[in-house]
Every structure is written in structure tokens, then in C-alpha cells.
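Read through the structure below, which is laid out as C-alpha cells, and then see the notes.
The values are calculated or read from the model by the stated rules, or taken from the named source; none is laboratory data. Here the structure is a predicted model, which is why all the values come from computation and not from measurement. Counting neighbours? That spans all protein chains shown, and the Cβs are built from the backbone with ideal geometry, glycine included.
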Amino acid sequence: MIITLDAKRRVSIPAALAPANPGDQFEATFESEDDSIILRRVPPKRNWLEVMKACPVPMDDLPPRSREMPKKLKL
């Protein structure tokens, strides 16, 4: 299949060729030896709440925040 650039230098890939969902991210690299562009699907980012829940250290063990005002830096 041959894919061409449009006037705004965009590439449209048919869904039958590479099925994707809205919001999927791809990494594009240019191979100068083959004179080709390679698209690789980037895995979706994990939910930050799931990452925090899986953290082995409970939030109660963190040191308390300092209540002091920030020091003024001499510039």
C-alpha cells in the first residue's frame, strides 16, 4: 500500500492497515539507510492512582513537611 502526504504534510493511515483507538500514541523514527519512517506504538501510561496504591511504603511513614517559611535567596 502506498501512502502519500497531504498539503499540510500529514499522513493518514487506513484503520484496516493499523487498527488504533483514539488517544493511542506512536513513536516515529526515520531510518536513513532504508529511507523509511517507522511508527512504533507506545504503551499507554499507567494510572497514577494505581501506582500510588502499589507503593510499598505507606504514606504515614513519610516525614512531616516543614512549616518554616521559604528562605529568601540572594540573587
The residue from Ile13, Ile3 that alone is assigned to a loop (DSSP other than H, G, I, E, B), modelled with pLDDT under 85, of a type in the set (Val, Ile, Thr) and under 24 Å from the mean Cα position of the chain (by Cα) is Ile13
Within region 2-30, residues surrounded by 10 or more Cβ atoms within 10 Å (Cβ to Cβ) and within 27 Å of Arg46 (Cα to Cα) come out as Ile13, Ala18, Ala20, Asp24, Gln25, Phe26
